[in-house]
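Colleague: Take a look at the following structure, please.
Here, each number is a calculation from the coordinates, and none is a lab measurement. This one's a predicted model, so the numbers in the text were calculated from it and none came from an experiment. For neighbour counting, all protein chains shown are included, and Cβ atoms are generated from backbone atoms with ideal geometry for every residue, glycine included.
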Amino acid sequence: MKPTLLLSDLHLAPERPATAAAFHAFTRGPARGAAGVYILGDLFDSWVGDDQCREPFARQVVESLRALTHAGVPVYVARGNRDFLLGGDFARATGAILLGEQTIVDIHGTRTLLSHGDEFCTGDLAYQRYRAWARDPARQRRLLRLPYRLRRWVAAWMRRGSRSATARKPESILDVDAGAIEGAFRANGITRMIHGHTHRPAHHALVVDGTPRERIVLADWDDRGHFVEIDAAGLRNHEVDG
């Protein structure tokens, strides 16, 4: 049986050519043998609307994903905090399926909750206020009506502000909240959760209401490509270079 591959937080951008090379190597190599590929948010370091597909760098990423889906591999993409404006035109251009904020899928017999993960960082109140603002459909429509170059400037300005604000925040609020995680397990009746966002890759074993659970945190692609492979034999971590 073919494995399911999961990855997150690639933050693809022209100024990170090694990361882009690793991504293209992934789509040409390991991904071709997958039952499905799940990208759980922040595929791009910034996405200001689907007209970004016209840019040469983004077009190369789109073409790699389209080649993968045309080869018969299902690709699923969740929106992250950096690319929450991914939309229908991107999905049609790539052949990928856009996921909702939280999605439950059966991965080799285990019901698994998939998410980017930022909604679980409830201790960071300032970020959660921003997140609610950014995910509001009416605000997104207004933002997308702005000229493309202005959206680019706004995104760059917001990234600078985000980096500055994050540097001042205590480490304790930058990770997920234990209560939010337990609540998600209870609400969804699942025993496994997989997410990204925190850049703290790990495999956590925990017990909620007397039931063993597991939370898998995907690695970011800061140094090289990383993905998790799951099949009937279990779970394995892999790296990929360009």
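Colleague: What ³J(HN,Hα) values, in whole Hz, does the Karplus curve 6.51 cos²θ - 1.76 cosθ + 1.60 give for region 173-182 when θ = phi - 60°, with x put for Gly and Pro?
Modeller: In residue order, the calculated couplings are 9, 8, 9, 5, 8, 4, x, 5, 5, 4 Hz.
Colleague: On to the next question. By the scheme Lys and Arg +1, Asp and Glu -1, what is the net charge of all other residues having a beta-carbon under 15 Å from that of Ala78?
Modeller: In short, -3.
Colleague: Show the residues, 5+ positions off or on another chain, whose built amide H is closer than 5 Å to the amide H of Arg213.
Modeller: Under 5 Å from the amide H of Arg213 lie the amide H atoms of Leu206, Val207, Val208, each far enough along the sequence or on another chain.
Colleague: Quick one: go through region 31-60 and flag any residue whose amide nitrogen is under 19 Å from the point 7 Å out along the Cα-to-Cβ line of Arg92.
Modeller: Hits in region 31-60 for Arg92 at 19 Å: 48-55, 59-60.
Colleague: List Thr103, Thr27 from most exposed to least, where exposure is judged by having the fewest other Cβ atoms within 10 Å.
Modeller: Fewest-to-most Cβ neighbours within 10 Å comes out as Thr103, Thr27.
Colleague: Once you charge only the Cβ atoms, +1 for Lys and Arg and -1 for Asp and Glu, what is the size of the charge dipole of the chain about its Cα centre, to the nearest 20 debye?
Modeller: Its charge dipole is roughly 860 debye.
Colleague: Note the full-extension length gain between His70 and Arg141 as 0.36 nm times their separation in residues minus their Cα-Cα distance, in nm to one decimal.
Modeller: 22.5 nm
Colleague: Quote the Stokes-Einstein diffusion coefficient, in whole µm² s⁻¹, for region 4-240, based on the Kirkwood radius over alpha carbon pairs, a temperature of 4 °C and a viscosity of 1.567 mPa s.
Modeller: In µm²/s, the coefficient is 71.
Colleague: A further question follows. For the chain, what is the calculated [θ] at 222 nm in deg cm²/dmol (nearest 500), taking -39500 (n - 2.57) for each run of four or more DSSP H residues and dividing by its residue count?
Modeller: Helices in the chain give a 222 nm mean residue ellipticity of -11000 deg cm²/dmol.
Colleague: What's the extension gain from Asn237 to His203 if we count 0.36 nm per residue and subtract their Cα-Cα distance?
Modeller: Full-extension gain reported as 11.2 nm.
Colleague: Can you give the net charge of the other residues whose Cβ lies under 14 Å from the Cβ of Met1, counting K and R as +1 and D and E as -1?
Modeller: In short, -2.
Colleague: Then there is this: What are the residues whose amide H is under 5 Å from the amide H of Ala78, where those residues sit 5 or more places off or on another chain and H is modelled from the backbone?
Modeller: It is Ile39, Leu40, Gly41, Leu99, by chain and number.
Colleague: Long-range amide H contacts for Ile107: which residues qualify at under 5 Å (H placed 1.01 Å from N, peptide plane, sequence gap of 5 or more or a different chain)?
Modeller: Amide H neighbours of Ile107: Thr112.
Colleague: Where Lys and Arg each count +1 and Asp and Glu each count -1, what net charge lies around Arg28 among other residues with Cβ under 15 Å from its Cβ?
Modeller: 0
Colleague: Same structure again: Take the alpha carbon atoms of region 1-89, find their radius of gyration, then divide it by 2.2 N^0.38 Å using N residues; give the quotient.
Modeller: 1.02
Colleague: Need the full-extension length gain, Arg54 to Asp177, defined as separation in residues times 0.36 nm minus the C-alpha distance. One decimal, nm.
Modeller: Stretched out fully, the Arg54 to Asp177 stretch lengthens by 40.4 nm.
Colleague: Quick one: Karplus J couplings for region 83-95, per residue in order, coefficients 6.51, -1.76, 1.60, θ = phi - 60°, nearest Hz, x for Gly and Pro?
Modeller: In residue order, the calculated couplings are 10, 5, 8, 4, x, x, 5, 4, 4, 5, 5, 9, x Hz.
Colleague: Something else about it: Each residue of region 218-230 in turn: what ³J(HN,Hα) in whole Hz from Karplus with 6.51, -1.76, 1.60 and θ = phi - 60°, glycine and Pro shown as x?
Modeller: Whole-Hz 3J(HN,Hα) from phi for region 218-230: 7, 7, 7, 9, 5, 9, 7, x, 9, 8, 10, 10, 10.
Colleague: Still on this structure, please answer the following. Output the peptides 146-155, 187-196, 7-16 sorted from most to least packed, where packing is the average of other Cβ atoms within 10 Å over each peptide's residues.
Modeller: Final packing ranking: 7-16, 187-196, 146-155.
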